[in-house]
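See structure below.
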């Protein structure tokens, strides 16, 4: 495998775009990333497009018809919430393998106000929802958090602190869907969605798009003096554990991915300047502190208590605002957190810039499950 | 002429791993599954073992309805038409498999770490009728007194 650089990135502010369709959103992000890379669609040799809810609708090819149908290979990817990050990884693999020199990864999604994921269709007469437990995401991730409570005595307040932090971070991010602080009383007093997760501890639905241009290190030199390198790009699925699938296991596959990514990158968690991780719910972020080895087993509660994951702390996590504040248009999410890290490594992240950022880790989980970890470095 | 009588209504389980005997409810419904020679246990049928990959080492097993609460959430916001809040738990059955379940006999407004490990017992009841008029039976759990 050869070295791969991310040369151009961009994203649309996450939010709601009722007057645009998903192809328009994706096209705008793709063109902005091409411009950032200083290249044109004619330089792109392969396109990987991530979109979940319209994954049967040839989104990638439709984007190409909008921005330049050059006839190159186009791959459409769906991998639950890890859709965008899987698209990025496929683009990375295409270049790292030596098959192509320049690849474009696009992630897009238009969710509108679709509400609870999985609730659609759960009304069928043989649906088990609310009869035999829950399969709705807030409850599933609620249970994952409660498992941490059981093991380590973690409290709802500690989970709530994650939401406080990420909303505070989001205020400084012009690309975030929500830019409003939520003090801890507000988080704890908000209506419960699925205990221990209250409203502000759940990410919103929304629309968005993000794109990245990847090149071989050699090719990248022709286009940029500030390449960001992909130090590791890892994808795992969930190995057998005895309670899965009754209880989804979001931990084992993340731990496996982290171990592999650190090894491939030749870096450890202590070398990271920042982490963008999959905080679909506040409970999830706390678990991933341990899964990504940002602290020891059972120490995640203390890490947030000590404020070490704020921007300026020992290891800033989700300075973009994370999914909780920045938003989570499924297919766009995984590409957008690559975009975020690239901006920081280039020193272009504005008010939220992580000082002296040298290396960053992007983590995504798609339930069912897929986990991607991409480590980027200067 | 008398019209032909409608097809006899059936009693259907909500999930394939809940088995309803012919003489239900006199004979209770129960969870069933397969056990692989490697030790892995599953609810319902499997094409191959999710743990070791073996295809020919399964034996069918009937699981008892006793177990304990491993973890839980309390779901407040849910699909329209469902009664909420409800305690949605993962139950570890004594026979070595885990199942998603609603648990009754706890105050959903007071979620509590004391619920961990609480003993529960399975019961079944009719929850809905399907569009063909068949009864749908679900398995639920209540706290053992």
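Output yes when any residue across region A:112-134 is surrounded by 24 or more Cβ atoms within 10 Å (Cβ to Cβ) and in contact with a helix residue (DSSP H, G or I) (Cβ under 6 Å, 6 or more places away or on another chain), and no when none is.
no
Would you pick out the residues in region A:335-378 that are surrounded by fewer than 24 Cβ atoms within 10 Å (Cβ to Cβ) and touching a helix residue (DSSP H, G or I) at 6+ places or on another chain (Cβ under 6 Å)?
A:349, A:354, A:357, A:359, A:369, A:378, listed by residue number.
Quick one: residue A:225 ticks every box in (1) touching a residue at least 12 places away in the same chain (Cβ under 8 Å); (2) more than 18 Å from the chain's Cα centre (by Cα) bar one, so which box is it?
(1)
For residue A:353, which of the numbered conditions (1) touching a residue at least 60 places away in the same chain (Cβ under 8 Å); (2) under 29 Å from residue A:17 (Cβ atoms) fails to hold?
(1)
Where in region A:228-332 are there helices (runs of 4 or more DSSP H), lying wholly inside it, with at least 1 residues that are closer than 30 Å to residue A:1 by Cβ, within 16 Å of the chain's Cα centre (by Cα) and without any contact (Cβ under 8 Å) to a residue 40 or more places away in the chain?
Of the helices (runs of 4 or more DSSP H) lying wholly inside region A:228-332, those with at least 1 residues that are closer than 30 Å to residue A:1 by Cβ, within 16 Å of the chain's Cα centre (by Cα) and without any contact (Cβ under 8 Å) to a residue 40 or more places away in the chain span A:282-291.
Which of the helices (runs of 4 or more DSSP H) contained wholly in region A:68-182 include at least 1 residues that are facing chain B (nearest Cβ under 9 Å), in contact with a strand residue (DSSP E or B) (Cβ under 6 Å, 6 or more places away or on another chain) and over 30 Å from residue A:39 (Cα atoms)?
A:137-152
Would you pick out the residues in region A:288-334 that are crowded, with 24+ Cβ neighbours inside 10 Å and on the phi > 0 side of the Ramachandran plot?
Those that are crowded, with 24+ Cβ neighbours inside 10 Å and on the phi > 0 side of the Ramachandran plot: A:318, A:321, A:322, A:327.
Just one of the numbered conditions (1) surrounded by fewer than 17 Cβ atoms within 10 Å (Cβ to Cβ); (2) modelled with pLDDT under 95 is not true of residue B:79; which one?
For residue B:79, the exception is condition (1).
Go through (1) at pLDDT below 95; (2) crowded, with 18+ Cβ neighbours inside 10 Å for residue A:47 and report which single condition fails.
(1)
Of all residues in region A:191-216, how many are farther than 11 Å from residue A:282 by Cβ and in a loop (DSSP other than H, G, I, E, B)?
Final tally of qualifying residues: 4.
From the list A:258, A:282, pick out the single residue that is within 14 Å of chain B (Cβ to nearest Cβ) and either in contact with a strand residue (DSSP E or B) (Cβ under 8 Å, 6 or more places away or on another chain) or surrounded by fewer than 24 Cβ atoms within 10 Å (Cβ to Cβ) (or both).
Of the residues listed, the single one that is within 14 Å of chain B (Cβ to nearest Cβ) and either in contact with a strand residue (DSSP E or B) (Cβ under 8 Å, 6 or more places away or on another chain) or surrounded by fewer than 24 Cβ atoms within 10 Å (Cβ to Cβ) (or both) is A:282.
Restrict the check to region A:71-89 and report whether at least one residue is more than 29 Å from residue A:302 (Cβ to Cβ) and without any contact (Cβ under 8 Å) to a residue 12 or more places away in the chain.
Yes: one or more hits.
For region B:97-113, check the following and say yes or no: at least one residue is surrounded by fewer than 16 Cβ atoms within 10 Å (Cβ to Cβ) and touching a helix residue (DSSP H, G or I) at 6+ places or on another chain (Cβ under 7 Å).
Within region B:97-113 (the criterion being surrounded by fewer than 16 Cβ atoms within 10 Å (Cβ to Cβ) and touching a helix residue (DSSP H, G or I) at 6+ places or on another chain (Cβ under 7 Å)), the answer is yes, since at least one residue qualifies.
Confirm whether residue B:135 is more than 14 Å from the chain's Cα centre (by Cα) and more than 9 Å from every other protein chain (Cβ to nearest Cβ).
yes
The values are calculated or read from the model by the stated rules, or taken from the named source; none is laboratory data. The model shown is predicted, which means the values in this text are computed figures rather than measured ones. So basically every Cβ, Gly included, is an ideal-geometry build from the backbone, and we count neighbours across all protein chains shown.
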